[in-house]
Structures are given as structure tokens and as C-alpha cells.
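Undergrad: Sending over a structure as C-alpha cells; questions will come in a sec.
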Amino acid sequence: MASAVLKRGEAIVWLPPRLAGERALATEPSLLIMSPPLAARSAAAATAFDIRRASLETLPELRSVRLVFDARDVTVLRARLPALPAARLQRALPNLLEEQLLQDPSSCACVLGPPVAAGQERRVAVIDRAWLDTVVQAFERRGIRVAAAWPAQALAGLEQGQGALLGFGSSVTVVLAEGEGIGLGVGPDPRAREQALVSAMQLLPVSGREPLLVYLQDDGWQEPLARAAHTSGRPIRTLALPASLSSSFDLMTARRAGALSRWLAAIDPRAWRGPLAWALAAALVAVVGLNAHWLRLREEQFALQARIDGVFRQVFPASTAMVDPVLQIQRHVTLLRTRAGQVGSDDFLPLLVSFSQSLGTQSADAVSGLEYRDGRLRIRLRPGVADSRAARDTIEQAARRHGLKLQFEGDREPLAIVTVLR
């Protein structure tokens with residue numbers, strides 16, 4: 001729970017209640033902008049706030065904001081929660097708080113707060129998810145990052161004593177305990193402010209002659225506050241808001257946790273009907289084309305296989321069993337060549353002679369072992385002949401010029417397979 005030490009381009013924005021409506025948020029000067037002074041002439045002035053009203057349309061140039069939601073729009077509850085991992089507990093909060101909420105729990109955003117002292121209960125802040133999304137998206141559309149979102153009754157960094165009052169905007173916030181409190185609506189005239197302050201003072205406990213702490217927006221609250229204090233008989237102490245504020249509740253936590261579900265919910269299926277139809281049609285054409293091409297290749301395979309079988313039967317009519325026609329034909333040709341006293345290019349001696357010619361002058365002592373089988377010559381080279389990559393590339397290129405294919409079995413192994421280049 002880090003304090004919000006504001007820098008240039010940052011601000012704390014007090015929002016109007018949802019009752020004022022989204023149109024008032026956009027067009028009427030209902031936002032209270034609290035930002036550092038543009039020109040601070042002293043260290044004391046640098047820790048103060050410039051407070052001014054604005055609407056979304058007249059917002060000053062800001063990079064990021066910390067939003068303060070009206071206490072009437074956020075409910076802070078106490079609940080006894082099961083011992084679950086944080087992620088699972090966050091997802092289960094709407095169902096666990098169902099009996100304490102008046103509206104549909106699925107439409108609420110819930111944020112865990114600190115535990116209640118000397119107990120297993122925890123505080124939970126609840127806000128309408130649609131209102132939270134509306135406000136945050138309104139700032140994001142203007143290129144302003146929302147760094148945090150706090151309930152007004154859960155601001156930290158305030159002197160509270162037995163409680164405190166916040167007179168800001170069109171409401172009076174009663175801070176009863178850490179993170180707990182309620183909001184009272186206030187009319188525009190001083191008489192309405194006085195009545196709201198009197199009602200708020202009655203909600204706070206009396207502790208001897210300890211003064212009641214009151215934080216006010218501007219001097220316009222001073223006269224109604226004095227009359228309310230006289231009516232209730234309570235001593236008061238007026239304070240300015242500190243330059244560093246924070247909260248144990250960040251409502252943006254619930255919004256980040258449901259980012260995927262909100263993205264899915266924001267998708268309009270009707271807008272995707274046309275692209276999906278074209279995509280399905282393209283996929284269907286592709287599948288049909290692939291099957292037609294496969295059938296064509298299959299017919300060519302059968303025709304080629306029939307030609308091979310016919311040639312095999314014609315050349316070797318005595319053979320009855322035909323397993324691998326190509327291999328059988330190669331073996332028959334080798335056998336006929338051997339009977340005629342001829343040698344093939346993939347026989348042992350032709351392969352060895354061609355390989356020795358590719359080695360050149362180093363062929364005399366370059367080979368340490370030979371193995372021949374089925375037209376493949378396996379050669380083990382002596383150390384120092386093909387240790388480097390450049391030497392191996394040179395030998396492979398020389399073998400290719402002599403009609404051979406040379407392939408080493410490993411980068412560090414001096415073993416190579418020599419076959420006829422086809």
C-alpha cells in the first residue's frame with residue numbers, strides 16, 4: 001500500500017456519484033482534480049494540492065490518475081472467508097458475498113482488503129463492475145492511464161482518531177474505521193451541507209472532548225461546518241488533505257482479474273457474422289481442394305505402381321513374389337552385371353576408387369577403416385584429416401565432383417557414409 005506521491009502529469013481525481021449520471025461525468029465540471037502546483041515556490045507549497053473542477057472534456061494534460069470513487073458507490077463489508085489461494089479466493093468472492101449483496105453478485109467487482117483485527121474476518125470492497133469499467137475506460141480513451149482506484153471511505157494517510165469526515169464534491173464521507181464508512185448526499189446550498197454534516201456527526205462515536213477531524217474541499221464548507229458543530233455540540237478540527245494518499249483497497253485489482261472475461265463479453269457476435277461466414281467458406285473450399293488434390297495424386301500413384309508392376313513382370317517373368325519392385329530390380333540388375341563380369345558404380349571397388357580420387361594426394365594414409373554393405377561405403381578417417389568444418393566441406397565438394405555423396409555421421413566423429421550421387 002504505497003502512498004501516492006504525485007509528480008507532474010499525475011493527479012488524484014475525485015469522481016461524482018453514479019447517481020449524477022454518465023452524462024454529467026463527461027460534460028459537467030463534476031470531477032475534482034487534485035494535482036501538484038504548477039510552480040511551487042517553497043518546500044511547503046510543493047507538498048500541497050491544487051484542487052480544481054473539470055469535466056472529462058476539459059481535463060488538463062495528464063499521464064496517469066488515481067481515482068477516488070464516491071463512498072455511496074462502494075460498499076465495504078466484513079466477511080469470514082475460507083482459506084483458499086489468493087487467485088481462487090478472488091474468483092469465489094461474488095458467490096461468498098451473495099447473501100450480503102442486494103444486486104446480482106456476478107455484476108459486482110470485489111476486492112480483498114486487510115483482515116479485521118483479532119479475528120478471521122476480512123474486509124471486502126464491492127462496486128458495480130459496469131460503473132467501474134465505464135469510468136476507467138473513459139479515462140483510457142483519452143490516453144490517461146488509471147494507476148489505482150480507491151474508495152473514498154478507505155483512504156489511508158488521514159488522521160482519524162475516533163473517526164473523520166470528508167467534505168468533497170456533492171457528498172460527505174463518514175470514515176468510521178480503517179476502510180469502513182458511508183457516504184451522504186449533499187445539496188448545492190449551504191443549508192443542505194449543514195444538514196448533511198449534522199447527520200454525519202451523529203454517526204460518529206463521542207470520545208470525551210476529543211475534537212472531530214474534518215477534511216474539507218474548500219472554504220465554502222467552513223460556514224456550514226461551524227453551524228453543524230454548534231448544533232451537534234461537537235468540537236471540530238479542520239485539516240487539509242495530506243499530499244500523500246493511498247488505500248488498502250485498489251479496485252483496479254478486480255478489473256485486471258476479469259480482463260479476459262470483459263474482453264469476451266465485449267465481442268459483438270453480430271459484427272463477426274460476415275467475417276466468420278467468409279472464413280468458414282474459405283476453409284470449406286480449402287478442404288475440398290485438398291481432398292480433390294489427394295484423390296488426383298492417389299490415382300497417379302496407382303497408375304505409376306501399375307506401370308512398375310508391368311515392367312517388373314515383363315523383365316522378370318520368372319519371379320512370382322513381388323514385395324519391393326524397385327529393390328528387387330536393382331538386385332537383379334546387380335546379379336546380371338556380376339554374371340556378365342561387369343561392375344556397377346555403387347560396387348565396392350568403384351566407390352573406393354572414386355573416393356580415393358576425391359581425396360587426392362592425402363588418400364594414401366587418410367583412411368583407417370572400411371565397411372561396405374548394399375552400395376554404401378562406411379569410411380573411418382584418421383585424426384587430422386577432417387577435424388575442422390572447413391576440411392569436411394572441402395572433402396564433400398571433391399566427392400560431389402566425382403559423382404559421390406559423402407555424409408559425416410557427426411560433427412566430431414571421423415565417420416562418413418559414401419554413396420553414389422543420384
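Every read-out reported here was derived from the displayed coordinates using simple, explicitly stated rules and does not represent laboratory data. Please read all numbers here as calculations on a predicted model, not as lab measurements. Positions of Cβ are backbone-derived with ideal geometry, glycine not excepted, and every protein chain shown enters the neighbour counts.
Undergrad: Determine the gain in length on full extension of the stretch Ala391-Ala83; use 0.36 nm per residue of separation and subtract their C-alpha separation, reporting nm with one decimal.
TA: So the extension gain works out to 104.1 nm.
Undergrad: OK, next. Is the C-alpha gyration tensor of segment 104-218 telling us rounded, prolate or oblate? Criteria: a/c under 1.5 is rounded; beyond that, a/b larger than b/c is prolate, otherwise oblate.
TA: Oblate, since a/c reaches 1.5 and b/c is not below a/b.
Undergrad: Follow-up question, since we're still on this one. In nm, what is the difference between 0.36 nm times the number of residues separating Leu19 and Val206 and their Cα-Cα distance?
TA: 64.2 nm
Undergrad: So if R0 is 51 Å, what FRET efficiency would Arg91 and Ala26 give, r being the distance between their Cβ atoms, rounded to the nearest 0.05?
TA: Plugging the Cβ-Cβ distance into 1/(1 + (r/R0)^6) gives 0.95.
Undergrad: Find out how many positive minus negative residues lie around Ala26, taking Lys and Arg as positive, Asp and Glu as negative, among other residues whose Cβ is under 12 Å from that of Ala26. Present the calculation step by step, with values, prior to reporting the outcome.
TA: Values: positive: Arg23, Arg141, Arg142; negative: Glu22, Glu28, Glu57.
So the environment of Ala26 carries a net charge of 0.
Undergrad: What is the helix-to-structure angle for 86-96, meaning the angle in degrees between its Cα long axis and the longest Cα principal axis of the chain, kept from 0 to 90 and rounded to the nearest 10?
TA: Between the helix axis and the principal axis of the chain, the angle is about 50 degrees.
Undergrad: With a Förster radius of 25 Å, plug the Cβ-Cβ distance of Arg400 and Arg339 into 1/(1 + (r/R0)^6) and report the FRET value to the nearest 0.05. Write out the running numbers ahead of the final one.
TA: Numbers: r = 32 Å, r/R0 = 1.28.
It comes out at approximately 0.20.
Undergrad: As an exercise, use a Förster radius of 35 Å and the Cβ-Cβ distance of Gln100 and Ala138 to find the FRET efficiency, rounded to the nearest 0.05.
TA: That pair, Gln100 with Ala138, gives E of 0.75.
Undergrad: By counting other Cβ atoms within 10 Å of each Cβ, how are Asp133, Asp393 ranked from fewest to most? List each step's numbers first, then the result.
TA: Numbers: Asp133 16, Asp393 11.
Ranked by crowding around the Cβ, least crowded first: Asp393, Asp133.
Undergrad: Rounding to the nearest 10 and keeping the result within 0 to 90°, find how far the Cα-based axis of helix 273-315 lies from the longest principal axis of the chain.
TA: 10
Undergrad: When the helix-only estimate is applied to the chain (DSSP H runs of n ≥ 4, each -39,500 (n - 2.57), divided by the residue count), what is the mean residue ellipticity at 222 nm, nearest 500 deg cm²/dmol?
TA: Numbers: 12 runs with 154 residues, N = 422.
Calculated at 222 nm, the ellipticity per residue is -11500 deg cm²/dmol.
Undergrad: Less than 15 Å Cβ to Cβ from Pro85, Lys/Arg counted +1 and Asp/Glu -1: what total charge do the surrounding residues give?
TA: Values: positive: Arg88, Arg91, Arg122; negative: none.
Local net charge: +3.
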